[in-house]
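Below you'll find the structure, written out as structure tokens, and then a few comments.
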Amino acid sequence: MQLSDEQRWQAVQARDTRQDGKFVFAVITTGIFCRPSCPARHPLRENVRFFPDAGAAQEQGFRPCKRCQPTKHDATPVVERIRLACRKMSESDKPLPLAAVAQAVSLSPYHFHRQFKAVTGLTPAAWQRALRAQRLREGLVAGKTVTQAVLDAGFNSFSPYYRQAPEALGMTGKQFRQKSARQSLYWAVGETPLGRCLVARSELGICAVLLGERDTELAIELHGLFPATQCLPADLAQDPLLYQALERLAELQTKGDAFLAQLPLDIRGTVFQQQVWQQLLRIPYGETRTYQQVAAEIGRPAAVRAVASACAANKLALIIPCHRVVRHDGLLAGYRWGVARKAALLAQERSHKQNTQLEEESVDEPVRR
């Protein structure tokens, strides 16, 4: 499907590497044309012209940018190379040196390092440290011994593990394992305008809000999200937080979501996921953002797919409004709890916002005599 000029401009603003090779943009004030992902400062929209390829831009007298080199053919997009590099690093049972990973994706170490950080927001070394920390946490939560979890995570000795454990776990591996083993979650299920809703809480606050049709399926999903944690059904009469959360979610259609912000939350995820989720909480009720816009707002314009993955990993339906993120063409894309629910939520929010505005206007309108 051919992009409109407005969609092309959005791709340029997001420096979307996926659009490289599909079109170029030229700046009439400088006489230069660039790839959509060019890292140079963005020009004013009125000075931009779009062309299907470099040849068409050159025929109109524009010169290729020396920074992004739009005339050079690259058979493998940068994002695909970075994805391949991530796969190679994740499949390795030990840390890989920068030169080895760069060679595997046919890039120079310097260029690979720069492109990798632009796409993921992390250096290759930091990405591998985060990968090992994630494997370590998963191993300890699954009940492995500290020694086995450390070796399976890819630490080549205990020295780097001891250096990274305070940052990765916030405590020693033994303390983390003991804490995971004795932690309990409490959950309850109620009815909402979107069907059945399961709400779970930890000692810190609400940690899961799941939507579905059947209570048993929701309970199974909760156990799958927290496999090493004891998940216990709660007595709502003795659990004011769960009772309050279910009551507010049931009234979402008539009262909006402002009162949900008062609930204490236990948000669990990677640093990047939490960065995305915090940005989603800033999307006003009744409005939407594209994945590209969210990526740009968190300062990671090239991490569009990572933003989509973070939305899909959200465990707090309705509270963290991942349903307000849509594709750049306006289509709803996916939703963890079904596109039909996503469409119903957005329609409900638009209607509620319009009704609220009409009520406010009628109150402010002076009485005519």
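The values are calculated or read from the model by the stated rules, or taken from the named source; none is laboratory data. The shown structure was predicted, so the numbers you read here are calculated from the model rather than taken from an experiment. Virtual Cβ from ideal backbone geometry, glycine too; neighbours counted across all protein chains shown.
Which residue out of 234, 344, 313 is assigned by TED's automatic domain parsing to the domain that holds residue 189 and surrounded by fewer than 20 Cβ atoms within 10 Å (Cβ to Cβ)? Being assigned by TED's automatic domain parsing to the domain that holds residue 189 and surrounded by fewer than 20 Cβ atoms within 10 Å (Cβ to Cβ) holds for just one of 234, 344, 313, which is 234. Residue check: residue 16 meets all listed conditions (1) surrounded by 21 or more Cβ atoms within 10 Å (Cβ to Cβ); (2) free of Cβ contacts under 8 Å to residues at least 40 places away in the same chain; (3) not small (Gly, Ala, Ser) but one, namely (2).
Just checking, which of 275, 253, 238, 293 is of a type outside the set (Asp, Glu) and modelled with pLDDT of 90 or more? Lay out the reasoning, then the answer.
On the way: 275 fails: modelled with pLDDT of 90 or more; 253 fails: modelled with pLDDT of 90 or more; 238 fails: modelled with pLDDT of 90 or more.
After applying the criteria, what remains is 293.
With respect to being part of a loop (DSSP other than H, G, I, E, B), assigned by TED's automatic domain parsing to the domain that holds residue 155 and surrounded by 15 or more Cβ atoms within 10 Å (Cβ to Cβ), residue 84 falls outside the description. Within the set of pairs 6 or more residues apart or between chains, which connect a residue that is at pLDDT below 85 inside region 93-106 to a residue that is surrounded by 13 or more Cβ atoms within 10 Å (Cβ to Cβ) and of a type in the set (Phe, Trp, Tyr) with Cβ atoms less than 7 Å apart? Short answer, once both residue conditions are applied: 105/112.
For (1) loosely packed, with under 12 Cβ neighbours inside 10 Å; (2) out of contact with any Pro (no Cβ under 6 Å at 6 or more places or on another chain); (3) not hydrophobic (A, V, I, L, M, F, W, C), each residue gets a yes or a no:
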{"residue": "45", "(1), (2), (3)": "yes, yes, yes"}
{"residue": "51", "(1), (2), (3)": "no, yes, no"}
{"residue": "67", "(1), (2), (3)": "no, yes, yes"}
{"residue": "104", "(1), (2), (3)": "no, yes, no"}
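Within region 105-134, the only residue that satisfies the criterion of being within 19 Å of the chain's Cα centre (by Cα) and at positive phi is 121. In region 263-355, counting only helices (runs of 4 or more DSSP H) that sit wholly within it, the ones holding 2 or more residues that are of a type outside the set (A, V, I, L, M, F, W, C) and in contact (Cβ under 8 Å) with a residue 12 or more places away in the chain span 271-280, 291-297.
Within region 99-111, the set of residues being farther than 11 Å from residue 84 by Cβ and assigned to a helix (DSSP H, G or I) comprises 99, 100, 102, 103, 109, 110, 111. On the stretch given as region 71-92, residues that are over 26 Å from the mean Cα position of the chain (by Cα) and modelled with pLDDT of 80 or more total 1.
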